[in-house]
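Chemist: I have a structure I would like to understand better, so I am pasting it below and will then ask my questions one at a time.
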Amino acid sequence: MQRRPDEGLLSTDPTRKVIVKGKTPAAKKPKFLNQHELKSLLANLNLADAPNWDWFILLVAKTGARFSEALALCPCDFNFKEQKIKITKTWNYKCTEGGFAETKNQSSRRTLQLDPALCNQLAELLNGFPADKPIFVSGRIFNSTVNNRLAALCKIAAVPVISVHSLRHSHASALIFAGVSIASIAKRLGHSSVTTTQETYLHIIQELENQDSEKIMCYLAELV
């Protein structure tokens, strides 16, 4: 069949020499560890007789405190008798001189309950430590220093490598899976609203809702 000029048909392939460029999307970094992985990580901590970054990692994992909040903690912020800790300040680690600074927002000023085991460990560790001196600050602090130590521990424990901030996510995720209310988690994390918590952990909440749907269907099926 003879082609007509107005049909716009091409006699050659215009894409024959085209080279498609681009990079393979990088694998997404894990945002948190599950309960089993977190236990494995904490089991490999080197908890020395004096404060070190492993103690810092343990504290963040068990409180969900922000990096700057944990750096600002002093012995006077702990009430070992009532097993509580007060977060009222942060440490300005991005500044060369360091120093105490305000919390992210008013909601970040909060009191957290500590588990008895951690409370006893910290009471022994901080015995005789200056009351108003930051526990983990000695000179200039870099976020990368702690992240490097955490990465090494993750590899030893054979769990996904995460950042210190992801320890906060791991703490919150563990509480969600344990059935703790979003309102209580928001308060513990120092979020300004429950909405922030819901949006941050939406994927986990949806996963639990799917599990709940299965439980509901199983229960209803048993009623027949």
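The values are calculated or read from the model by the stated rules, or taken from the named source; none is laboratory data. If you're wondering where the values come from, they're calculated on a predicted model, not measured in any experiment. Note: ideal-geometry Cβ built from the backbone for every residue, glycine included; neighbour counts use all protein chains shown.
Chemist: Hey, could you check the range 125-150 for residues that are among the hydrophobic types (A, V, I, L, M, F, W, C) and in a helix (DSSP H, G or I) and say which is surrounded by the fewest Cβ atoms within 10 Å (Cβ to Cβ)?
Modeler: So, considering only residues that are among the hydrophobic types (A, V, I, L, M, F, W, C) and in a helix (DSSP H, G or I), the one surrounded by the fewest Cβ atoms within 10 Å (Cβ to Cβ) is Leu125.
Chemist: Same structure again: In the list Leu42, Leu73, which residue meets the criterion of being within 22 Å of Ser170 (Cβ to Cβ), assigned to a loop (DSSP other than H, G, I, E, B) and either modelled with pLDDT of 95 or more or among the β-branched types (Val, Ile, Thr) (or both)?
Modeler: Leu73
Chemist: Please give the number of the condition Phe100 fails out of (1) closer than 21 Å to Pro51 by Cα; (2) modelled with pLDDT of 95 or more; (3) in contact with a helix residue (DSSP H, G or I) (Cβ under 9 Å, 6 or more places away or on another chain).
Modeler: (3) is the only condition that Phe100 fails.
Chemist: Report whether or not Ile162 is farther than 28 Å from His203 by Cβ, surrounded by 13 or more Cβ atoms within 10 Å (Cβ to Cβ) and touching a helix residue (DSSP H, G or I) at 6+ places or on another chain (Cβ under 7 Å). Full working, then the answer.
Modeler: Numbers: farther than 28 Å from His203 by Cβ: no; surrounded by 13 or more Cβ atoms within 10 Å (Cβ to Cβ): yes; touching a helix residue (DSSP H, G or I) at 6+ places or on another chain (Cβ under 7 Å): yes.
In short, no.
Chemist: Moving on to the next point. Would you pick out the residues in the range 68-79 that are buried (at least 17 other Cβ atoms within 10 Å of the Cβ) and either touching a helix residue (DSSP H, G or I) at 6+ places or on another chain (Cβ under 8 Å) or not polar (S, T, N, Q) (or both)?
Modeler: Selection gives Glu69, Ala70, Leu71, Ala72, Leu73, Cys74, Pro75, Asp77, Phe78.
Chemist: Moving to a separate point now. If Ile141 satisfies all but one of (1) out of contact with any helix residue (DSSP H, G or I) (no Cβ under 9 Å at 6 or more places or on another chain); (2) in contact (Cβ under 8 Å) with a residue 24 or more places away in the chain, what's the number of the condition it fails?
Modeler: (1)
Chemist: Within the range 86-105, take every residue that is touching a residue at least 40 places away in the same chain (Cβ under 8 Å) and under 22 Å from Leu189 (Cα atoms) and give me the one that is surrounded by the fewest Cβ atoms within 10 Å (Cβ to Cβ).
Modeler: Asn105
Chemist: Residues that are under 19 Å from the mean Cα position of the chain (by Cα), in a helix (DSSP H, G or I) and touching a residue at least 60 places away in the same chain (Cβ under 8 Å): does the range 188-206 have at least one? Steps first, answer last, please.
Modeler: We begin by selecting, within the range 188-206, every residue under 19 Å from the mean Cα position of the chain (by Cα); these are 188-206.
Subsequent filtering for residues that are in a helix (DSSP H, G or I) retains 188-189, 194-200, 202-206.
From what is left, the residues that are touching a residue at least 60 places away in the same chain (Cβ under 8 Å) are 188-189.
Yes, the range 188-206 contains at least one residue that is under 19 Å from the mean Cα position of the chain (by Cα), in a helix (DSSP H, G or I) and touching a residue at least 60 places away in the same chain (Cβ under 8 Å).
Chemist: Where residues in the range 179-190 are in contact with a helix residue (DSSP H, G or I) (Cβ under 7 Å, 6 or more places away or on another chain) and over 10 Å from Arg110 (Cβ atoms), which of them is surrounded by the most Cβ atoms within 10 Å (Cβ to Cβ)?
Modeler: Ile185
Chemist: Can you name the number of the only condition in (1) at pLDDT 95 or above; (2) exposed (fewer than 13 other Cβ atoms within 10 Å of the Cβ); (3) hydrophobic (A, V, I, L, M, F, W, C); (4) under 19 Å from the mean Cα position of the chain (by Cα) that Leu153 fails?
Modeler: Single failed check for Leu153: (2).
Chemist: Criterion first (among the basic types (Lys, Arg), more than 29 Å from Ala50 (Cβ to Cβ) and either free of Cβ contacts under 8 Å to residues at least 12 places away in the same chain or in contact with a Gly (Cβ under 7 Å, 6 or more places away or on another chain) (or both)) does Lys155 satisfy it?
Modeler: no
Chemist: Shifting gears a bit: Just the residues that are over 19 Å from Thr88 (Cα atoms), not charged (D, E, K, R) and not in a helix (DSSP H, G or I), please, taken from the range 49-70.
Modeler: The answer is Ala50, Pro51, Asn52.
Chemist: Next question. How many of the residues in the range 14-39 are closer than 16 Å to Ser166 by Cβ, at pLDDT below 90 and assigned to a loop (DSSP other than H, G, I, E, B)?
Modeler: Total satisfying the criteria: 7.
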